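Let me begin by presenting the structure, written as structure tokens, before commenting on it.
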Amino acid sequence: MSIHIIIPFLSLTFTLIHCSLNYTIETFPDSLVRSDLCGLNSPGFACDPDQVLKRFNRTFSGAEYLSQHLQQIRYTTNCSCLNEDKSYGHCSAINPHGYTLSIAVLRSIAMNNDTMNSENLNDTLQIFAENLRRQQHRGQCADDALIVVIADRKAVHTSVGEVIGRTLTSNVITRTNREVASLFDAANYLYGLAFMIDRYGEILQNPPQTLEIESWSIIWSRIMGSWLNIFLSLIVLTSFVTLVTLIIMRFCCNEKQKYTVGRQVTN
């Protein structure tokens, strides 16, 4: 076989093998170090090594478009590290910034088998996202979050640090996932992720001042959980009223008897 045929054949084979590899925590590119592998022209906070995202326009790739939004959130929010969070870290004095959000987009992820159910998929994705976020270590005091998308499973998971998790609660994340479900089902990952970033950004820039309203089921369960205390309180109150009533009746009867005896002596 001619060398001119072998070389292109080997190049094509290598390309196919490279594209079919599933990334692991160790092999997934760091967009701040190897931006060229993430679809970025410069270091940023979005990584799309498999080029799953469509281009935003002729100037920006999908990853570059998302990275700009992520950087905007980073510098339009305030550092949220409190004194109680010092075990996680503290606000940076050299490069002050707020919350750090990152995005990782993969075509596929290593699975134990191809018939994995949704519950096992969610567990695998959660572990992958959590470990990748911790390895990238982009927060100041656990105030970072990582959104991971697996294209061939049309799955998304948001891993949050302990501090940012006080604002990006599980309820917020679940509600946001429901809102973008139709976009991910249609494989429109670019605009699905853009929506998630905007939604998270709004919440992080204007965190709610009050706790989220509890569902009626939680309120009802708490009421039912304290029914025994209410019942015992009613018994104590009823007993007290009964006792006071008996004392008053007894006192009145004694006064009446004394009055009657006094009249008999006078006659």
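The values are calculated or read from the model by the stated rules, or taken from the named source; none is laboratory data. Note that the coordinates shown come from a computational prediction; the quantities given were computed from them, not determined experimentally. Cβ coordinates were reconstructed from backbone atoms using ideal geometry, including for glycine residues, and neighbour counts include every protein chain displayed.
Taking the criterion of being in contact with a Ser or Thr (Cβ under 9 Å, 6 or more places away or on another chain) and closer than 20 Å to N171 by Cβ, the residues of segment 115-132 that qualify are Q126, A129, E130. Identify, please: which residue in segment 50-83 is of a type in the set (S, T, Y) and part of a loop (DSSP other than H, G, I, E, B) and is, among those, farthest from the chain's Cα centre (by Cα)? By that ranking, first place goes to T59. With a requirement of 2 or more residues that are under 22 Å from the mean Cα position of the chain (by Cα) and modelled with pLDDT of 85 or more, the helices (runs of 4 or more DSSP H) lying completely within segment 177-267 that satisfy it span 189-205. Could you list all residues from segment 164-180 that are in contact (Cβ under 8 Å) with a residue 24 or more places away in the chain and in contact with a strand residue (DSSP E or B) (Cβ under 7 Å, 6 or more places away or on another chain)? Of everything in segment 164-180, those that are in contact (Cβ under 8 Å) with a residue 24 or more places away in the chain and in contact with a strand residue (DSSP E or B) (Cβ under 7 Å, 6 or more places away or on another chain) turn out to be I164, L168.
With the structure loaded, tell me whether C47 is assigned by TED's automatic domain parsing to the domain that holds G201, touching a Ser or Thr at 6+ places or on another chain (Cβ under 8 Å), touching a residue at least 40 places away in the same chain (Cβ under 8 Å) and farther than 24 Å from A194 by Cβ or whether it fails that test. Considered against the rule, which asks whether it is assigned by TED's automatic domain parsing to the domain that holds G201, touching a Ser or Thr at 6+ places or on another chain (Cβ under 8 Å), touching a residue at least 40 places away in the same chain (Cβ under 8 Å) and farther than 24 Å from A194 by Cβ, C47 comes out as no.
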